[in-house]
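Step one of this worksheet: look at the structure below.
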Amino acid sequence: MAAYRYGYSAVLFILCGLSVFLVTNGQETILTGDDGAAAVDSPQTVTETAEQTAEQPAVEERQWEVTEVEEASPDEAAADKQDASAPETLVPPSVPRPKDDFQEELVIRPLHSGDIYASFQFRTLWETDFMRGNKVSHYRLFPKSLGQVISKFSVRELHISFTQGYWRTMQWGQPFLPAPPGAELWVWFQDSVTDVDGTWKELTNVLSGIFCASLNFIDSTNTVQPSASFKPLGISNVTDHRFLRYATLPREIVCTENLTPWKKLLPCGTKAGLAVLLKSEKLFHSSFHSQAVHIRPVCEDWQCKTTSWELRQTLSVVFDLHTSGQGKREWSLFKMFSRTLTDACPLASSSKVYIDITDNPEGEQFELIPATPLLSQAVVLGDRRTFSVYDLTQQITFGAVRSLNLLIRWKSTEGDMLRPLLHGERYVAGYGLQTGEIHTLMYNNHPYRSFPVLLLDSVPWYLRLYIHTLTVTSKAKDNKPSYIHYQPSKDRVRPHLLEMLVQLPPNSVTEVTVQFERALLKWTEYTPDPNHGFYVGSSVLSSLVPSIVAMDTNSTQERPLFSSFFPCKEESSYFVRVYTEPLLVNLPTPDFSMPYNVICLTCTVVAVGYGSLYNLLTRSFQIEEPSLGLAKRIANIIRKMRGVPPL
């Protein structure tokens, strides 16, 4: 028994000695403690840790020691180095590596008005082919609902956005991803689709169910086929406009029921990463809110030998200084979203927060807490911007409190915002409810360069345009468009479509006017609130604007997500899309209270007149003899006894 105890003690002693052994293989060192956990560090990290440990006083009895080991041969060292560089999670050779990737970014731009602009970017790349014969059955990061939509309806590109509010370009500058108020949907189909209109109708119904929106109200009366606008943003091997459909619902209201399914498309949902900041009560208590989903095929390398499907989910929000109830120019993540960042999404290969400090190089306008030494420059909308970068995949970003709460405290209100080079406005003129006039203003704020702008207008059929009254003027002179495409409307079938290419002179305002006549609708075609008016979608301005700096034409180069959405083919210009305000037009509206009055009057006449006549015609009248009273009957009995005739 004693020998057994001594043997058991010897085994324990040997195991404890091995637990503090330091095994060095190539360029990495593995430390193994009593708890069985392993930590893989570089030699530099191990040396720094050893030096810090040597400087600390010896409080504990046991200290980690560095033990020399025998030097391995070159072949063994190369083999050990290859094993050490392998990932911790070993994948069997039979299982293919996942060919998908997920990245997330948050860009915060302090605005000169005191407001703050936050833009979320979530991108999922998947190297697969939805158009092949066999169906894709295994989904890892890419949402299965959207993958099935792509394969079933042969979608080449899909772009959908839901926006509440209007982007004030002259106060806030250009957004990273523009969107019109309401709902917008434009889709490129594969050239293998035979019935595009039928597929488009089915697709809108499916998307209506996925995003809990009123997209099922999209039909032929609000759908157009642009001939020059909305070219493919991905690999453009399909350019026939017959496979393009574009529609807007400017009356669509964006609410929590639209945000919830949008968040469920994220790989981590709202449990980790930047998505934890997406709190509904804070996002919708803002001046501007826009969420979008973009699906397109992109190239993996500059030679485009391999392609991938890109799903980009974006959410933009502008918090107003006054509506937030703060009263002072100070912002933080907790004040904006009621939450702070604690970790990155475990499935994300990149998770970063960018703070635009271009207008604050020396910290004279606002103070950023905590400060970061990591800076990044990117060309955004033709201008080189500087950003402070916080990498959420690094634990040092969160500090000792394990939480990141960025604080922006303004010091000065001075400074002017750089005016956007392209801006658009739109309004309705005229009086009465018969005729009117639509005015579209296009501003070119460049001091010495002119550039062309492609204008797209989709007008409902109940506003009958007089196309012969179309005028385009710049600086009080006629400006003849170089390209015009007009498709007239058909009542209750399709809307008007007007596209024109106009050259904007430098530092000028170009005005496009056209007259229209209001149609009289059927009483069943009016909305429940007809006196509120009828919405007309925004005009779309597309242009290649001259750039201040040289643009990067390599779309496969690694750069921030917010600067790599629109493809750039020229170094001297960049693509800009601007949306004008939607219109609210009053139509001739009948007095819908008259049916109620007529019904009341008719019922009164029927009840009084016809009711009385009906009673007279259907009643039967009979003559009844009056009955004698008790006194008369007693008197008649007495008179009969006396032999006197009765009364």
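Which distance in nm do the two modelled labels at K632 and C255 give, with both placed 7 Å along the Cα-to-Cβ direction?
7.7 nm
Please sort 169-181, 513-525, 364-376 by packing, taking for each peptide the average over its residues of neighbouring beta carbons within 10 angstrom, highest first.
169-181, 513-525, 364-376
Show me the GluC sites (Glu not before Pro) within the stretch 408-493 that DSSP assigns to loop and that have at most 10 other Cβ atoms within 10 Å of their Cβ.
Passing both the DSSP loop test and the Cβ count: E414.
Using the scaling law 2.2 N^0.38 Å as the reference, what is the normalised Cα Rg of the stretch 128-260?
Ratio of Cα Rg to 2.2 N^0.38 Å: 1.11.
What does the extension gain come out to for D383 and K201, with contour length at 0.36 nm per residue minus their alpha carbon separation?
Working: separation 182, 0.36 × 182 = 65.52 nm, distance 4.07 nm.
61.4 nm is the gain from fully extending D383 to K201.
Label point 7 Å out from S220 along Cα-to-Cβ: which residues of the stretch 488-532 have amide N under 14 Å?
So the set is 489-496.
Where Lys and Arg each count +1 and Asp and Glu each count -1, what net charge lies around P505 among other residues with Cβ under 10 Å from its Cβ? If you can, show how the numbers build up before the last one.
Values: positive: R449, K475, K477; negative: none.
Around P505, the surrounding residues sum to +3.
For a quick check of your reading of the filter: which GluC sites (Glu not before Pro) in the stretch 123-187 sit in a DSSP loop and have no more than 14 other Cβ atoms within 10 Å?
Sites meeting the loop and neighbour criteria: E127.
What distance in nm separates the two pseudo spin-label positions at V493 and K279, each 7 Å out from Cα along the beta-carbon direction?
5.4 nm
How many nm separate the modelled label positions at R242 and Q395, each set 7 Å beyond the Cα in the direction of the Cβ?
With each label placed 7 Å out from Cα toward Cβ, I get 6.1 nm.
Please go through the stretch 214-302 and write out the GluC sites (Glu not before Pro) that DSSP classes as loop and that have at most 12 other C-beta atoms within 10 Å.
none
To the nearest 0.05, what FRET efficiency results for R339 and Y427 with a Förster distance of 45 Å applied to their C-beta separation? Working shown, then result.
Values: r = 40 Å, r/R0 = 0.90.
The value I calculate is 0.65.
Hey, can you rank 344-357, 438-451, 594-607 by average C-beta count inside 10 Å, highest first?
Values: 344-357: 20.7, 438-451: 17.1, 594-607: 10.1.
Descending mean neighbour count gives 344-357, 438-451, 594-607.
If I take R0 = 22 Å and measure r between the Cβ atoms of E364 and S113 in this structure, what FRET efficiency does the formula 1/(1 + (r/R0)^6) give, to the nearest 0.05?
Working from the Cβ atoms, E equals 0.75.
With r as the distance between the Cβ atoms of S593 and Y166 and R0 = 30 Å, compute the FRET efficiency 1/(1 + (r/R0)^6) and round to 0.05.
Working: r = 33 Å, r/R0 = 1.12.
Efficiency, from the Cβ-Cβ distance: 0.35.
If the reach is capped at under 29 angstrom between alpha carbons, list the lysines near K490, excluding any in the same chain fewer than eight residues apart.
Within the straight-line cut-off, K490 pairs with K201, K231, K480, K522.
Every number here is computed from the coordinates shown, using simple stated rules; none is lab data. Since the structure is predicted, the reported quantities are computational estimates derived from the model, not experimental observations. Reconstructed Cβ throughout: ideal geometry from the backbone, glycine too, with neighbour counts over all protein chains shown.
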